[in-house]
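Chemist: Here's a structure for you.
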Amino acid sequence: MISYGFSLTNQLKSLFLLLALLLMGCAGSEQLRTESADTPESVAAKTPSPVVQDYAIAGAVYEAQGEFMLALREYDRGLMRDSTSTELYHAAAQMHTQLGDLESAMLILKKGVRVNHDPSLLSHLGEIQLQQRKFEEAAQTFAQLIEMEPDDLAALQNLAMSLERSGQIESALEIYDELLELDEIDTEPILMRKVSLLSSLKRFEEAVEVYEKLQELRPGEDRIPFFIGGLFLDMGDTTRAVESIASATKMRPIEPRYWDMWIRLEVVQGHVDRAIELSDSAMSYNPADAPIHALAASVFIIKGLNEKAE
């Protein structure tokens with residue numbers, strides 16, 4: 001539910017905005033006095049328009065008072081006077097968002113992008129499109145942003161997410177590969193996304209290769225060999241599946257599901273004696289786990305050890 005009441009967070013945010021705008025105006029005046037190397041035209045380009053300042057300050061004051069509709073009115077009036085103001089487009093879109101009208105927020109940002117090709121407007125628009133689950137539109141927006149700002153890592157990640165969620169899996173994988181080539185990126189989350197996408201495409205061998213890269217980064221993580229074992233099962237390679245799941249079990253023997261999978265695979269392969277050994281070990285590590293005891297009893301019965309199964 002949208003709250004139209006006054007909030008301390010909004011008050012502080014608006015007051016900071018008000019202070020920032022005032023300081024920007026002072027800084028612009030100071031530049032006129034102290035930066036003799038600047039031309040009047042360059043200083044004017046750096047200094048916010050007085051019209052923008054007046055309406056932005058008025059809107060910020062109303063926002064601080066919780067009067068969101070009045071704040072929006074001031075921002076809209078400002079844009080009627082200066083349709084190139086990035087600050088007013090952001091402020092108006094934020095007010096529409098506060099009022100729960102995300103469609104209007106997107107419309108005002110699209111207008112801003114047409115008039116003023118500012119990367120921050122594209123970023124703001126793309127984030128709302130993601131929030132609204134308009135993934136194809138978001139992908140187009142972030143692609144446009146990357147054309148303007150090729151080094152924007154957040155935009156690249158958002159583009160990959162948008163492509164993935166709009167069903168453009170191959171294109172998403174290409175972007176993830178680009179990200180993995182960058183030194184400043186956190187590779188683990190991207191590798192996990194790649195595994196998921198490759199698995200969805202049934203490209204299991206490639207998914208295993210990605211998991212192995214993850215294993216190099218996190219050698220003590222028991223879930224990785226367990227998941228690799230699952231991929232081998234999807235590929236129909238039971239032998240390698242057993243090896244991977246056994247590795248996971250030895251790393252974390254108190255995890256019942258690892259034992260469960262290992263024991264069942266040994267039974268499937270006809271290695272009942274081995275399954276009995278594993279059942280005894282599983283119960284010793286997990287003495288209170290009822291499903292493990294039930295599975296062990298089933299294995300004992302298969303071998304004809306009915307008394308042991310009781």
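Chemist: Which pairs have Cβ atoms under 8 Å, sit 6 or more apart or on different chains, and link a residue in the range 160-175 that is farther than 15 Å from Leu201 by Cβ to one that is among the charged types (D, E, K, R) and surrounded by fewer than 17 Cβ atoms within 10 Å (Cβ to Cβ)?
Modeler: Qualifying pairs under 8 Å: Ser162/Glu136; Arg165/Arg133; Ser166/Glu136.
Chemist: Right, another one. Within the range 271-303, count every residue that is closer than 24 Å to Glu243 by Cβ and in a helix (DSSP H, G or I).
Modeler: Summing the residues that are closer than 24 Å to Glu243 by Cβ and in a helix (DSSP H, G or I) in the range 271-303 gives 21.
Chemist: Quick one: is Thr84 assigned by TED's automatic domain parsing to the domain that holds Tyr55, of a type outside the set (Asp, Glu) and either crowded, with 17+ Cβ neighbours inside 10 Å or over 23 Å from Pro189 (Cβ atoms) (or both)?
Modeler: When the stated conditions are applied, Thr84 passes them.
Chemist: Would you check if Glu266 is surrounded by 18 or more Cβ atoms within 10 Å (Cβ to Cβ), farther than 27 Å from Ser200 by Cβ and of a type in the set (Asp, Glu)?
Modeler: yes
Chemist: While we're here: How many residues, within the range 146-170, are within 17 Å of Gln132 (Cβ to Cβ) and assigned to a helix (DSSP H, G or I)?
Modeler: 7
Chemist: Mind telling me which of the residues Leu173, Leu121, Leu107 ends up being in the same structural domain as Phe68 (by TED's automatic domain parsing), part of a helix (DSSP H, G or I) and aliphatic (A, V, I, L, M)?
Modeler: It is Leu107.
Chemist: Quick one: which residue in Glu216, Glu243, Glu221 is within 27 Å of the chain's Cα centre (by Cα), surrounded by fewer than 17 Cβ atoms within 10 Å (Cβ to Cβ) and not in a loop (DSSP other than H, G, I, E, B)?
Modeler: Glu216
Chemist: Oh, and also: I need every pair where a residue in the range 98-124 that is at pLDDT 95 or above has its Cβ under 9 Å from the Cβ of a residue that is assigned to a loop (DSSP other than H, G, I, E, B) and small (Gly, Ala, Ser), sequence separation at least 6 or different chains.
Modeler: Pairs found: Lys111/Ser83; Gly112/Ser83; Gly112/Ser85.
The values are calculated or read from the model by the stated rules, or taken from the named source; none is laboratory data. Predicted, not measured: the structure shown is a model, and the values here were computed from it. Quick reminder, even Gly has a Cβ in these numbers, built from the backbone with ideal geometry, and neighbours come from all protein chains shown.
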